[in-house]
Amino acid sequence: MSLMYPHSRQPRPVLIPFRILLITGIATLLSFAISLFLGILGTIAWSALHHSTPNLTPVYRHFAPPIAIVIGLVVLIVATIHEIRYYRQAKVLAAIERLSFR
């Protein structure tokens with residue numbers, strides 16, 4: 001006899017590190033691109049105000065990478081906490097669902 005309600009799949013703990021690294025990598029790359037863009041705009045605006053040529057080397061070396069690293073670490077910590085909470089919640093909900101169909 002088949003059940004009226006389909007069972008949800010068990011959460012897979014193997015996928016947790018993959019999701020954490022994927023989210024962290026995307027957020028780090030995005031934060032690097034945004035901080036690099038804002039740094040370039042700020043350097044161009046600064047050089048236009050002072051009537052000089054823009055020097056973009058400090059933006060590439062000293063502005064964008066530290067910001068991306070800090071945001072990447074924050075995202076890594078937050079994503080780890082979120083994924084662990086989500087896994088625990090999904091595990092408990094799956095167990096409750098299994099018990100309710102018996």
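Out of all the residues in the range 53-82, which are at pLDDT below 95 and either within 12 Å of the chain's Cα centre (by Cα) or not in a helix (DSSP H, G or I) (or both)? Listed by number, the residues that qualify are T53, P54, N55, L56.
The condition (being touching an Asp or Glu at 6+ places or on another chain (Cβ under 7 Å) and not charged (D, E, K, R)) is satisfied by just one residue among I20, I77, I69, I40: I20. When we screen I84, I71, I67 for residues that are farther than 15 Å from T28 by Cα, of a type in the set (A, V, I, L, M, F, W, C), touching a residue at least 12 places away in the same chain (Cβ under 8 Å) and touching a helix residue (DSSP H, G or I) at 6+ places or on another chain (Cβ under 8 Å), the only hit is I84. A95 - would you say it is surrounded by 11 or more Cβ atoms within 10 Å (Cβ to Cβ) and touching a residue at least 24 places away in the same chain (Cβ under 8 Å)? Against the criterion (surrounded by 11 or more Cβ atoms within 10 Å (Cβ to Cβ) and touching a residue at least 24 places away in the same chain (Cβ under 8 Å)), A95 does not qualify. It is to be established whether one or more residues within the range 36-54 are of a type in the set (F, W, Y) and exposed (fewer than 13 other Cβ atoms within 10 Å of the Cβ). Within the range 36-54 (the criterion being of a type in the set (F, W, Y) and exposed (fewer than 13 other Cβ atoms within 10 Å of the Cβ)), the answer is yes, since at least one residue qualifies. The criterion of being out of contact with any helix residue (DSSP H, G or I) (no Cβ under 9 Å at 6 or more places or on another chain), surrounded by 11 or more Cβ atoms within 10 Å (Cβ to Cβ), of a type in the set (G, A, S) and in contact (Cβ under 8 Å) with a residue 40 or more places away in the chain does not hold for A79.
The values are calculated or read from the model by the stated rules, or taken from the named source; none is laboratory data. As the structure is a prediction and not an experimental result, all values here were calculated from the model. Every residue, glycine among them, receives a Cβ derived from its backbone with ideal geometry; neighbour counts consider all protein chains shown.
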